[in-house]
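Notes for the one structure printed next.
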Amino acid sequence: MAQVEIVQTDFLVMVASQNVTLGADQNITGLFDNQNAAPTHQAVLEGACTIQGDRGASNQAFFINVRDSQGAIVIPDTDGTDPPAIAHNFPLGLYSISASLISGIHDYYYPYIQGDQDAYAIQISQPGAAATIDQIAGLMGVDLTKIDFSNTGDLNHDGQVTLEDKLLALKILTCREDIFSFDTSNDVGGDGRIGIEEALFWK
């Protein structure tokens, strides 16, 4: 007879309205849709960091710049020719990383041809990244102290968050007809609705 071990752990899922990358190794991808396009990506950067681009050419073949949360330029336009990668020590923060075919500093540009190397990738490596969930929430403007987790996720109102609550959330999401009673006041997102957040939340 097989032995079954039940493991319970705590974790928090934050759902952001903006696309933000974070962690020690980040890979940002995008597409230039015209010569003047300058797509911007949000990333949490921290400590010693290298940023390098790839467009499928022998060199980076586009420009990258980095701005802080106030919009101030931290790293001006660079195309990876000299030096081949951005190497910088960033204070922990939320940064904007822009990609462009046209330099905002010099009269240099890389030509845009639709369907020919119009996709790009930006690789970020920051081995020392160790931001806590509280720090990341702060950068995103989320005040975790105002969230009451005492009953969050307790959909069947039995005073605890268990597998039954997860199954109930999944049944609600899949519109099962045998659902007749659940408590939306303890939803995770605070929006009075049951969604994927409730199925994922565990405390």
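Assigned by TED's automatic domain parsing to the domain that holds residue 51, without any contact (Cβ under 8 Å) to a residue 40 or more places away in the chain and either outside any loop (DSSP other than H, G, I, E, B) or loosely packed, with under 13 Cβ neighbours inside 10 Å (or both): does that describe residue 83?
On the way: assigned by TED's automatic domain parsing to the domain that holds residue 51: yes; without any contact (Cβ under 8 Å) to a residue 40 or more places away in the chain: yes; either outside any loop (DSSP other than H, G, I, E, B) or loosely packed, with under 13 Cβ neighbours inside 10 Å (or both): yes.
In short, yes.
Could you list, in sequence order, all residues of region 34-80 that are part of a loop (DSSP other than H, G, I, E, B), within 30 Å of residue 137 (Cβ to Cβ), touching a strand residue (DSSP E or B) at 6+ places or on another chain (Cβ under 9 Å) and polar (S, T, N, Q)?
Scanning region 34-80 gives a single hit, 69.
Which of (1) at pLDDT 85 or above; (2) within 16 Å of residue 20 (Cα to Cα) is the odd one out, the single condition residue 113 does not satisfy?
The number of the failed condition is (2).
Restrict the check to region 128-150 and report whether at least one residue is in the same structural domain as residue 61 (by TED's automatic domain parsing), touching a residue at least 24 places away in the same chain (Cβ under 8 Å), assigned to a loop (DSSP other than H, G, I, E, B) and under 22 Å from residue 55 (Cα atoms).
no
The values are calculated or read from the model by the stated rules, or taken from the named source; none is laboratory data. Since we're looking at a predicted model, the values are computed, not measured. Backbone-built Cβ (ideal geometry, glycine too); neighbour counts: all protein chains shown.
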